[in-house]
Every structure is written in structure tokens, then in C-alpha cells.
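Undergrad: My structure is below; once you've seen it, I'll send some questions.
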Amino acid sequence: MTRITTRSAPPRTAWQLEQQGVHPLLARLYAARGIRDKGELDYDLKALLPPASLTHANAAAELLADAIEAEARLLIIGDYDCDGATATAVGIRALRALGAEVDFLLPDRFKLGYGLSPAIVDLAAEQSPDLIITVDNGIASLEGVARAQELGIATLITDHHLPGDELPGAECIVNPNQPGCNFASKNLAGVGVLFYVMLALRAVLRERGYFTERVEPNFANLLDLVALGTVADVVKLDRNNRILVSQGLQRIRAGRLQVGLSALFKAAGRDPKRATTFDLGFTLGPRLNAAGRLADMRLGVECLITDDPGRALNIAQELNALNQARREIEADMQAQALTLLETMDLDNAAPGIALFDADWHEGVVGILASRIKEKLHRPVFAFAPGENGVIKGSGRSIPGLHLRDALDLLSKRAPGLLLRFGGHAMAAGTTLKREDFPRFQSLFADIAGELLSPADLTRSLETDGALEAGYVNLDTIHLLQNEIWGQGFPAPLFVDEFIVEQQRILKEKHLKLTLRKGAQCFEAIQFNFNQPAQDRTRAVFQVQINEYQGVENPQLRIEHLENLT
């Protein structure tokens, strides 16, 4: 069952936004998302929260400035997802532009796992770094930092993940979610945190007179990478993040983007001049993530830091092939998972689901968990075998259950069960012994049942109500696509009742429809549909552009169909 609700858009607020020059449809949509004044839509860089307000950003900048002036060897240790790759690329480009000697190292997810582990510190030590800089990881790396100290290597942690009860003993930690940090945006992605540190570093070097005889770099040129990592990591797009994303998209659309991003757009058959947040999250992001899931994320970072268009295109095409392979592996895993689910009583499914198959691919379980979560509207963990008798799980949650907190509670109830865990509210990962999976499965179901209410377990689609028929046109759709939408600031979703004039099945899994409302007809499509539409239907939809052979037409993309009697 799906509950369809409508966001409240205070009429007076919408009217005030209109009076300030906001398009009437956007005024209604923004009012429903808590915007009260047009000034909140000012995405100029001057409106960014200042770097100095991010706790320890200045201390990190001083540490880095000292290292650069001492000609110390710096080593960035990143993560193997899109956020980690873009953060690594921002660090490499920024630090090299400042004259630093810097390289990067990424853990092999299949051998070394996530984060600054003692094993990767030992590997890093082979390069004799003076300072290790983590990006998008490190906040839980107590043992890794301790190992670095044993080897005489300093550490700077930049991360955005939630900390545990104890922080690592690094020289400096920059994380908006660490205790005592009053930074007004807790939603920076890893790439956003590192970008802020680079801004603070440039300011410190400026104060020291570092740019008296050298050109001061323009770090706004890195905002395309910041935008990509921010959207792909599905962090909440609060105003500060919307500024970062908006500025990055402006540069992409104007052709001022890294050659690697340009190559990724070309490999995907997309036009960067018309880039949207959808392109960042669902076109470029998955192609970079495919490297970390199936191969080596170093390939993704190389794509982002090269200035050679030919090399960038070669890498982008390789990433495109990896993404296609990932999709095929995912499809097979999903089919196996759905077969497994058929043996379960889905009407009485446990509040929390954990699945494991010895044949599943460790790099794709996160996507699988997301797909099953969407199908069942339950928090889901999917596990695949790792090395040495352990299994590695990736989880995705639903509103109402903070996944990392649920794992923390589980670890306290069953000490030693979780070998490692970490993450966010909506996504988390854990490692355990293979023989402990049944115990985890039972405990996770119990904890989810305690934390989730019956209302939480009912799928809900929050819409913006009906869309006036006159707005279903190319101009309005372009207007909507050019805005900044994403996690916590959702893209418009409308609902209405229609007469079904025609319908046909495409490629055995998509439903193409002609819908009528009054005297006006609309072309519509539902991907991966469950059942045909009847004569009268209630549809939840987005408006989009269907481009075929260079011709654009408005189209409704159906998210949910509800047949009416």
C-alpha cells in the first residue's frame, strides 16, 4: 500500500515569493519546501558559510601551510565512491596548484576495505609521506591513526561521517559532525569538507605572503567536482550545499568543467550545456562509482585529475563499460534476491530485512539493498562474502530509522558481533563473520521493529498536488530542470486523475501511455511497471522532456499508478 500526501504550501508565502519576482509555479514549490524569502534562493558564492566557521579548518590550514613551506610529502587517502574520488581530485588539484608535493592512495575495497586501516597505513608508508590527509573517511580510524603515529607519520582527518564514542588521535580533525563543531551546515559531503579546508589553506597562505611571487589559484574552478560529489553522495541539499551545487552546475553548463567530466558526459551521451542534478546523480556518479565497485577507483580519480582530453575520454569509455557490467551484475543479483523474497510472506515482512548470498558481488550489494528497499519499503542490508570468512554488508534505510544508530545499538546489545560498522542515517555498512549472519538478521529485524512505527512502514509519496495543464510545456520543464533539487529538497512530484486513452508495453517492462485530463492529452511513461492501467487512474508523476531524433516533447514520467474503479 502506498500513501499519497500533498505538501503544504502556505498561500501567503507563495504570494510573497511571487511579489519578489519568483515564477508562480516555483513560488508554490519553494513555499512547500520552507523557503520564505527570495534571498534564500541567492546561490552566489558570497552567500557560502565562511571556512573559518568550520571547526578546526583553520588549524588544518596552518598544518598544511607549514607542510607546504617545509616541502613535506603529502599523501591523500580517499574512499572508493564518487564522493571520495571527487574529494581526492579536489585535494590533488588544489594542493598541486599551491605547489605542494602530493600524491594519493585509495584502498582496494576487496582487500583493504574502507577507511584508514593499519594495513593501508603500512602500504602508505612505502611512499614515505610526512603527512597523511584522509578525505571522506578517517573519523572512526582509531587503529589506523595509531599505526601512523607509530611510523612517525602525521595525520589530518577530513570526513563527514558520524563519529563513534572515541575520536582518533590525529593532529587535526575537520568534520562538521564531530562533537563541539557549531558549523551551521552538518550536511557537507566529504568533498565539501575538503573544499572548505582548501579555501582555508589558501587564505592562510595569502596571509603569509605566499602569493607575492606566484599566482593565487582560483578554487572556484573546482566547484564542478564539488557539485558532483555532493549530489552523488545523496547528502541533504541545505542552502549551503545548494550554493555549491548551483555554482558547479553553472560552470558545467558554461563549458568551464574538468576535461574528465566533459569526457564522462560524452561517454554517457549527455550534453553538459544542459546538465542537471539528475545528470550528476544518475549519469556521472554511477560511472565513477563503477570503478570502485568492480575495479580500482584510481581509474576514476585519474579521469578527474588529467588535463589530457584524449586520456580522459579513454578512461571515461572504460568507466562506461564498467558501469554496464555493473548493471548486468546488479540485474542478476536482483533477480536472485527477488526469487528469495518470493519464499517470504511479504505482507508480513520483518521491519528490517537482511539478505546474504555466497554468489553476490561485494561491490554491488549497496545498490541491491537500495533496490530491495524501494520494493519492500523496509530498511535492508545485503551481504556478500569477503575474505577470511567474513561477509560485508551494505544497508539502505527508510525515513524513521537512522541506520548507523541502529547498528550502534545492535553492537551494544551483541558485543563483538559487528567487526566494523559506520555510515549515515540512510546508508551504512558493516562487516561480520559469516556464521553470525543469522544472528544479525534476527537482531536487525528486532531493532528495526522497535525503532519504526506502523506509519513508518507504510510507503508514502509526498507530492506537490496537481499541476495546472498549462504548465506542461517545454518552457516550464526547462525552468524546473534548471533549479537545484535533491536529497532534502526534492524535485517536484505531482498527482492527478486521468482517463487512459492508450497504453502499450515497451521492451517487455515499460508502459507507454496517453492520458487525458479534460480536453487535453499527455504522453506518459512508467518504467519497470507492475501492472497495466485501467480506464481511470490516479498518477503520481514528474514532468520531463522526451527527446527523439532531435525533437523535444513534454512527457509525464509516472512514479506510481493507482487504478480507480
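The values are calculated or read from the model by the stated rules, or taken from the named source; none is laboratory data. Computed from a predicted model, the values in this text were never measured in an experiment. Quick reminder, even Gly has a Cβ in these numbers, built from the backbone with ideal geometry, and neighbours come from all protein chains shown. Just so you know, the surface numbers come from the protein's heavy atoms only, side chains and all, with ligands and any DNA or RNA stripped out. Shrake-Rupley method; radii C 1.70, N 1.55, O 1.52, S 1.80 Å.
Undergrad: Determine which member of the set T476, T537, T463, T514 is of a type in the set (S, T, Y), without any contact (Cβ under 8 Å) to a residue 24 or more places away in the chain and at negative phi.
TA: Numbers: T476 fails: without any contact (Cβ under 8 Å) to a residue 24 or more places away in the chain; T537 fails: without any contact (Cβ under 8 Å) to a residue 24 or more places away in the chain; T463 fails: without any contact (Cβ under 8 Å) to a residue 24 or more places away in the chain.
When all the criteria are applied, what remains is T514.
Undergrad: If E387 satisfies all but one of (1) surrounded by fewer than 19 Cβ atoms within 10 Å (Cβ to Cβ); (2) within 19 Å of I447 (Cα to Cα), what's the number of the condition it fails?
TA: Among (1) surrounded by fewer than 19 Cβ atoms within 10 Å (Cβ to Cβ); (2) within 19 Å of I447 (Cα to Cα), the lone unmet condition for E387 is (2).
Undergrad: Mind listing whichever residues of region 390-405 are over 20 Å from Q487 (Cα atoms) and crowded, with 22+ Cβ neighbours inside 10 Å?
TA: I391, K392, G393 - these are the residues of region 390-405 that are over 20 Å from Q487 (Cα atoms) and crowded, with 22+ Cβ neighbours inside 10 Å.
Undergrad: Would you tally the residues in region 368-421 being within 22 Å of E435 (Cβ to Cβ) and in contact with a His (Cβ under 7 Å, 6 or more places away or on another chain)?
TA: 1
Undergrad: While we're on this one: If you take the residues of region 154-163 that are open to solvent by 20 Å² or more (accessible area, probe 1.4 Å) and in contact (Cβ under 8 Å) with a residue 40 or more places away in the chain, which of them is nearest to L75 (Cα to Cα)? Step through it out loud before you land on a result.
TA: Of the residues in region 154-163, the ones open to solvent by 20 Å² or more (accessible area, probe 1.4 Å) are 154, 161-163.
Those still in the list that are in contact (Cβ under 8 Å) with a residue 40 or more places away in the chain too: 154, 161-162.
Working: A154: 10, H161: 21, L162: 23 Å.
The residue in question is A154.
Undergrad: Right, something else. So is A337 over 19 Å from the mean Cα position of the chain (by Cα) and of a type outside the set (D, E, K, R) or not?
TA: Details: over 19 Å from the mean Cα position of the chain (by Cα): yes; of a type outside the set (D, E, K, R): yes.
So A337 passes the test.
Undergrad: While we're on this one: Are any residues in region 419-458 open to solvent by 70 Å² or more (accessible area, probe 1.4 Å) and assigned to a helix (DSSP H, G or I), and if so, which ones?
TA: The answer is R434, E435, P438, R439, Q441, D446, E450, L451.
Undergrad: Every residue in region 209-263 that is closer than 19 Å to G91 by Cα, touching a Pro at 6+ places or on another chain (Cβ under 8 Å) and β-branched (V, I, T), please.
TA: V259
Residues checked against (1) more than 22 Å from R96 (Cβ to Cβ); (2) at pLDDT 95 or above; (3) part of a loop (DSSP other than H, G, I, E, B):
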residue: L194; (1), (2), (3): no, yes, no
residue: M198; (1), (2), (3): no, yes, no
residue: V204; (1), (2), (3): no, yes, no
residue: P217; (1), (2), (3): no, yes, yes
residue: D224; (1), (2), (3): no, yes, no
residue: N241; (1), (2), (3): yes, yes, no
residue: S246; (1), (2), (3): yes, yes, no
residue: L261; (1), (2), (3): no, yes, no
residue: F265; (1), (2), (3): yes, yes, no
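Undergrad: Report the residue count in region 108-139 for those that are of a type outside the set (F, W, Y), in a loop (DSSP other than H, G, I, E, B) and surrounded by fewer than 23 Cβ atoms within 10 Å (Cβ to Cβ). First the steps, then the outcome.
TA: Initially, region 108-139 is screened for residues of a type outside the set (F, W, Y), giving 108-109, 111-113, 115-139.
Next, only the ones that are in a loop (DSSP other than H, G, I, E, B) stay: 108-109, 111-113, 115-117, 126-130, 136-139.
With surrounded by fewer than 23 Cβ atoms within 10 Å (Cβ to Cβ) added as a condition, the list becomes 108-109, 111-113, 115, 117, 126-128, 130.
Looking only at that region, the number is 11.
Undergrad: Among the candidates G393, G416, which residue alone is under 26 Å from R109 (Cβ atoms), modelled with pLDDT of 90 or more, part of a strand (DSSP E or B) and not basic (K, R)? If you could, list the steps in order and put the result at the bottom.
TA: Details: G416 fails: part of a strand (DSSP E or B).
Of the residues listed, the single one that is under 26 Å from R109 (Cβ atoms), modelled with pLDDT of 90 or more, part of a strand (DSSP E or B) and not basic (K, R) is G393.
Undergrad: Kindly indicate the residue of region 90-107 that is out of contact with any strand residue (DSSP E or B) (no Cβ under 7 Å at 6 or more places or on another chain) and part of a loop (DSSP other than H, G, I, E, B) and also surrounded by the fewest Cβ atoms within 10 Å (Cβ to Cβ) among those meeting that condition. Walk me through it before giving the result.
TA: Residues of region 90-107 out of contact with any strand residue (DSSP E or B) (no Cβ under 7 Å at 6 or more places or on another chain): 90, 93-94, 97-99, 106-107.
Next, from what is left, pick out any that are part of a loop (DSSP other than H, G, I, E, B): 98-99, 106-107.
Working: L98: 21, G99: 14, L106: 23, P107: 24.
Restricting to residues being out of contact with any strand residue (DSSP E or B) (no Cβ under 7 Å at 6 or more places or on another chain) and part of a loop (DSSP other than H, G, I, E, B), the top hit is G99.
Undergrad: Something else about it: Show the residue pairs meeting these rules: Cβ distance below 8 Å; 6+ apart or different chains; first residue within region 89-108 and more than 17 Å from V226 (Cβ to Cβ); second residue part of a loop (DSSP other than H, G, I, E, B) and charged (D, E, K, R).
TA: So the pair list comes out as G99/R214; E101/E71; L106/D79; L106/D296; P107/D79; D108/D296.
Undergrad: Exactly one condition in (1) aliphatic (A, V, I, L, M); (2) at pLDDT 95 or above; (3) surrounded by fewer than 24 Cβ atoms within 10 Å (Cβ to Cβ) is not met by V234; state its number.
TA: (2)
Undergrad: I need the full set of residues from region 340-367 which are within 23 Å of R434 (Cβ to Cβ) and among the charged types (D, E, K, R), in order please. Please lay out each step first, then the result.
TA: In the first step, residues of region 340-367 are kept if they are within 23 Å of R434 (Cβ to Cβ); the result is 340-341, 343-344, 350, 352-367.
Listed by number, the residues that qualify are D357, D359, E362.
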